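K.L.:
Take a look at the following structure, please.
The values are calculated or read from the model by the stated rules, or taken from the named source; none is laboratory data. What you see is a predicted model; the values in this text were computed from it and never measured. Here the Cβ positions follow ideal geometry from the backbone for every residue, glycine too, while neighbour counts run over all protein chains shown. Each accessible area value is taken on the protein alone, full model and side chains, heavy atoms only, with ligands, DNA and RNA left out. Shrake-Rupley method; radii C 1.70, N 1.55, O 1.52, S 1.80 Å.
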Amino acid sequence: MRKVSLGRPSRSIYVSLACLTLALHLLLAFFCLSVLHTSCIPPSTTTTSSSSAAAAAVRKPAGPRHEFFLAPSVRTPSPPKLLWDENPLNQTIAIEARNAKATFGNAAGKERKLTAARKLIEKVKRQDKLEALFRHRLYNLPLPELRDEDKLLLVMSQPVEKDSSSSYDSSDTSGQVKGFEKMAWTGDTSTHPPWLHFHLGISRWELYNRKNPNLTTLTHHLATHRILGAVQKRGGTQIKLLVSFPNYGRALLKPKRQSRDAETDVNLFYFSDFERHNAEIAAFHLDRLLGFNRVPPTVGRLVNIVSEIKEISRDRKLTRTFFTSPAGNTCFYGQCDYYCSAEHALCGQPNMLEVSLATMLPDNQLAPRKSWRSPWRRSYSRTKLAVWEKNPAHCDKVKKMPPYNNGTRLVDFMDMVVLDFLMSNMDRHHYETFQKFGNHTFLLHLDNGRGFGRPFQDEPSILAPLKQCCRIRHSTFLRLHLLSTANFRLSDVMRESLAEDPLTHIAPLLSEPHLSALDRRLNTVLKVVQTCQQQHDNVFYDDLGDYDKTVDRPSV
C-alpha cells in the first residue's frame, strides 16, 4: 500500500473547514434555544409541580379573584412550564437564584431577630434605670430606730372587746359575715390580709416602706379582688365611691370623667377643673420616685359599673342616678356639690369604666388624723388674691407660727410643694397628719386628682413657698438633682414605673407631653434652689448627718 502524505496547504484547508462547521453548529444551537425560550409551550396538563403551584400563588392578582385557590379536585389551567428549565446551564442558574433567595431570606430573618434583640436590650436598659434608681444610696438612707411609739398601730397581745361603732367591727361573734371571708387573724403576720399589713406598717417617718413585698401584693389585690360593695363618699366637690372587698379591705374609687389626653381649658379656674383618675395613679408613682412615700398605694382598674357598682350597692341615692344613654351606654352621676347631674354623668362603654383605687387609711377612730390649713392656700375667688400673693415676705410670718417654727414641718411642706409643682396641682388648700405623732411626722399627700391638666403650661405660683422661704430638705434636693441626670431622667423612670399599672395595657397613663413637662419643671425647681443659694446661706435642712459625707454633692 502506498502511503499518502498531505501537504501543509491541505491540512490548513481541513482545519478551516472543521472550525467553520463547529461555528455553524454553535450558531444554530443558540438560535434554537432562543426560539424555544419564547415560543415552545407544551400542552396543558392536569397536574402541576410544587414549584409551578408556588409560582401561581405568587402571581395571584389583587381583588376578589380566587382561581388559584380552588380545591385540588377541580381541573384548572396549569401554568406554563418553560422548556429552558431542562437546560443544565439554566437549571444551575435557577438553583443559584433559589440559594440566593434563601440567603436573602435568612439575612432578613437575622435582621428581624437583631431588631427584636435591640428592642429587648433597650427595654432592659429602661428597666435598669428604675431598679438602679432604687438601689442608689439616696433611696436607701437609714431611718431612726423604730420604737413602739413610732408605729401608728400595734398588734394587741390579748383580744379586746370590740367597739360596735367602729367600721372595723363588720363581723359577728363567729367572725363570719355573708360575702366576706372568714376572719382568722392572729398575732402571726402571715394571717393578715394585705391592707392590714399596710396599716401596721405605717410609722412616724413614712406611710409605707418601698422595699416591703406586701406593697406589690396590696396593689394586685386592689386591681383584681372581687368588689363586694360600693357606696358614695359624702363631701367633696366631685363624686367618689367607697368600695369594699371580701377580705374587709376598702378603697377610694375615682371614676374616669374625661380622656387621659384631654387638657384643661385655659379659661377654667383651678377650682373648676375636673378631677382625673389617672392623675391619682400618677401621683402615687411620682411621690414614690421622689422618695417621699406619702401617697396611699393607688392602682388603676377597669370595672363593670352595672355588676360591680349598681347591682351590689345599698346606696339608694347612688343607684337612682343610673340610666342608659341614647348611645346605649350605662351612666350615673351620684350626688355631690358640683358636677353631679345628668349633664355631667359618668358613662361606661357600654358598661366598662376606668377608675383609680386608692388604699384607704386606718379608720379615724383607730388612728385620728388632723387637718391643717395650708399657709399658702389660694383665695378660691375669681377676683381676689390671697395674702401670700400680695406679700413676698409672707414666709417670714409663717416661720414664726407653730408648727412651722420647730422641727421639720416647714421642709415637709416644701416636699409637698415640689410634688404639686411637678404635676401642676393648684388645689392644695389643706393637708393632714396623724395625731399620734404630733408635729414630728410626715404630711399625707392626699387628693391629687387635679394634677396633670396642662402639659404645655407651668404654674410658677405653686413654687411661691419655696421661693419665699428658700428652705428645702437636703436629701430632697439631692434626689431632685439625681433625677435630672441622663442615667435617671425623671421622665424615663416615671414612664417605666407607670408601666406597672394594669391600665397601661389600654393606653399610657400619662402622654409624652406630660412626661416631658416633668423634666422641664424639675429643672425649674433646681433653678429656684440655685437662686436661693445665691441670696441666702442656710438653704438646706441637714437631714443626712454623717451620711452626707458618703453622698455625692452636685454642683449647683
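K.L.:
On the given criteria, is residue 208 among the aromatic types (Phe, Trp, Tyr) and modelled with pLDDT of 95 or more?
P.N.:
Working: among the aromatic types (Phe, Trp, Tyr): yes; modelled with pLDDT of 95 or more: yes.
For residue 208, the condition - among the aromatic types (Phe, Trp, Tyr) and modelled with pLDDT of 95 or more - is met.
K.L.:
Mind checking which residues of the range 426-446 are among the charged types (D, E, K, R) and under 19 Å from residue 465 (Cα atoms)? Even if it seems obvious, please write down each step before you answer.
P.N.:
At the first step, the residues of the range 426-446 found to be among the charged types (D, E, K, R) are 427-428, 432, 436.
Residues satisfying the conditions are 427, 428, 432.
K.L.:
Given the options 461, 475, name the one that is of a type outside the set (Val, Ile, Thr), in contact with a helix residue (DSSP H, G or I) (Cβ under 8 Å, 6 or more places away or on another chain) and open to solvent by less than 10 Å² (accessible area, probe 1.4 Å).
P.N.:
Numbers: 461 fails: open to solvent by less than 10 Å² (accessible area, probe 1.4 Å).
None of the others qualify; the one that does is 475.
K.L.:
Tally up the residues in the range 387-410 that are part of a loop (DSSP other than H, G, I, E, B) and under 26 Å from residue 475 (Cβ atoms), please.
P.N.:
Going through the range 387-410, the residues part of a loop (DSSP other than H, G, I, E, B) turn out to be 391-393, 399-408.
From the residues that got through so far, the ones that are under 26 Å from residue 475 (Cβ atoms) too are 399-408.
Qualifying residue count for the region: 10.
K.L.:
Further question: Looking at the range 506-535, which of its residues are charged (D, E, K, R), open to solvent by 50 Å² or more (accessible area, probe 1.4 Å) and under 20 Å from the mean Cα position of the chain (by Cα)?
P.N.:
Answer for the range 506-535, where residues must be charged (D, E, K, R), open to solvent by 50 Å² or more (accessible area, probe 1.4 Å) and under 20 Å from the mean Cα position of the chain (by Cα): 512, 520.
K.L.:
I'm checking my understanding of the structure. Among residues of the range 383-392 that are touching a helix residue (DSSP H, G or I) at 6+ places or on another chain (Cβ under 7 Å) and among the hydrophobic types (A, V, I, L, M, F, W, C), which one is surrounded by the fewest Cβ atoms within 10 Å (Cβ to Cβ)?
P.N.:
387
K.L.:
Determine, yes or no, whether residue 436 is farther than 30 Å from residue 244 by Cβ and either open to solvent by 10 Å² or more (accessible area, probe 1.4 Å) or not polar (S, T, N, Q) (or both).
P.N.:
In short, no.
K.L.:
Please count how many residues of the range 304-317 are outside any loop (DSSP other than H, G, I, E, B) and at pLDDT 95 or above.
P.N.:
6
K.L.:
Next question. Does the range 242-258 contain any residue that is touching a Gly at 6+ places or on another chain (Cβ under 7 Å), within 22 Å of residue 418 (Cα to Cα), polar (S, T, N, Q) and touching a residue at least 12 places away in the same chain (Cβ under 8 Å)?
P.N.:
no
K.L.:
Hey, among 431, 404, which residue is in contact (Cβ under 8 Å) with a residue 12 or more places away in the chain, in contact with a Ser or Thr (Cβ under 8 Å, 6 or more places away or on another chain), among the aromatic types (Phe, Trp, Tyr) and at negative phi?
P.N.:
Working: 404 fails: in contact with a Ser or Thr (Cβ under 8 Å, 6 or more places away or on another chain).
Residue meeting the stated conditions: 431.
K.L.:
What is the residue count in the range 505-527 for residues that are in contact (Cβ under 8 Å) with a residue 60 or more places away in the chain and either out of contact with any Leu (no Cβ under 8 Å at 6 or more places or on another chain) or within 19 Å of residue 262 (Cα to Cα) (or both)?
P.N.:
Our first condition is that a residue be in contact (Cβ under 8 Å) with a residue 60 or more places away in the chain; within the range 505-527, this holds for 506-511, 514, 516-518, 520-522, 524-525.
Now drop any that are not either out of contact with any Leu (no Cβ under 8 Å at 6 or more places or on another chain) or within 19 Å of residue 262 (Cα to Cα) (or both), which leaves 506-511, 514, 516-518, 520.
So the count comes out to 11.
K.L.:
Hey, another quick one. State yes or no: is residue 450 open to solvent by 10 Å² or more (accessible area, probe 1.4 Å), charged (D, E, K, R) and closer than 21 Å to residue 291 by Cα?
P.N.:
No; evaluated as a whole, the condition is false for this residue.
K.L.:
Listed residues 360, 423, 401; which is open to solvent by 60 Å² or more (accessible area, probe 1.4 Å) and over 15 Å from residue 468 (Cα atoms)?
P.N.:
401
K.L.:
Return yes or no: is residue 548 modelled with pLDDT under 95, under 23 Å from residue 140 (Cα atoms), among the charged types (D, E, K, R) and surrounded by 14 or more Cβ atoms within 10 Å (Cβ to Cβ)? Walk me through it before giving the result.
P.N.:
Numbers: modelled with pLDDT under 95: yes; under 23 Å from residue 140 (Cα atoms): yes; among the charged types (D, E, K, R): yes; surrounded by 14 or more Cβ atoms within 10 Å (Cβ to Cβ): yes.
Taking the combined requirement at face value, the residue satisfies it.
K.L.:
Looking only at the range 331-352, decide whether some residue is of a type in the set (Ser, Thr, Tyr), open to solvent by 30 Å² or more (accessible area, probe 1.4 Å) and modelled with pLDDT of 95 or more.
P.N.:
Within the range 331-352, not a single residue is of a type in the set (Ser, Thr, Tyr), open to solvent by 30 Å² or more (accessible area, probe 1.4 Å) and modelled with pLDDT of 95 or more.
K.L.:
Still on this model: Quick one: which strands (runs of 3 or more DSSP E) lie wholly within the range 199-260 and hold at least 2 residues that are of a type in the set (Gly, Ala, Ser), within 23 Å of the chain's Cα centre (by Cα) and surrounded by fewer than 21 Cβ atoms within 10 Å (Cβ to Cβ)?
P.N.:
none
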